[in-house]
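The values are calculated or read from the model by the stated rules, or taken from the named source; none is laboratory data. Treat the numbers as computed from the prediction; the structure is a model and nothing was measured. When we count neighbours, we look across all protein chains shown, and the Cβ atoms used for this are built from the backbone with ideal geometry, even at glycine.
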Amino acid sequence: MVVHFPFQEDQYVLIGTISRAHGLNGEVKIAVRLRQQEPFLHIDRLTLIGSDGRMTAPLKLLKVRQQGKQFIAKIDTIDTKEEADLTAGMGVLLLREDIAEPDSGPIFLSQFEGLTVRTKNPDEIIGTVATVENYGAQDIMIVRDGSKEYLIPMVDAIVVSHDEKQVVIDPPPGLLEINTSNSNR
């Protein structure tokens, strides 16, 4: 189930959610929605948001380390497992002013939403990215074109390039046909 958090998108970027407490000293495990994981290791502060829209003030990120596809973070003012347990399920926001603009296009998965998806053939437009979800193995772009919906894995062998306007893919034979659903069924 995907949780949506109401926030001012012109001021913040949703980069993930807190999955659970980690250990006894107030650390939390964060499932981060980033195309490139490394920039998260250099973040100084973050904001937490509940599904009801209630937000914390920006909180200092004391330390962060990667563990598999998730991150373990120590956030200032969260000092016990019980306090960390209260944050499970909350969204993690970054202020846009704290984000360095990348040269190579989007790094946050939410930044792919609304981009045009085309194949290497510039005349073949697949649709528009509705959202990006992670179902375990890799991130999946959900691309819509009218009543058609395509599920496209975001792996280097398929996603050839991307910038602030479009995503170019090189799908293997049959991928678009097999990963297509018609929402009118």
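Residues in the range 85-114 that are at pLDDT below 75, in contact with a strand residue (DSSP E or B) (Cβ under 7 Å, 6 or more places away or on another chain) and small (G, A, S): G105, S110. Filter the range 115-154 down to the residues that are more than 20 Å from P172 (Cβ to Cβ) and either at pLDDT 85 or above or of a type outside the set (V, I, T) (or both) and list them by number. The answer is L115, T116, T128, A130, E133, N134, G136, R144, G146, S147.
Taking the range 59-87 as the range and being over 18 Å from the mean Cα position of the chain (by Cα) and either assigned to a helix (DSSP H, G or I) or at positive phi (or both) as the test, the residues that pass are T77, K81, E82, E83, A84, D85.
Taking the criterion of being among the acidic types (D, E) and at pLDDT below 65, the only residue of the range 18-39 that qualifies is E38. For the range 143-154, a residue qualifies if it is within 15 Å of I178 (Cβ to Cβ) and of a type outside the set (K, R), and the qualifying residues are V143, E149, Y150, L151, I152, P153.
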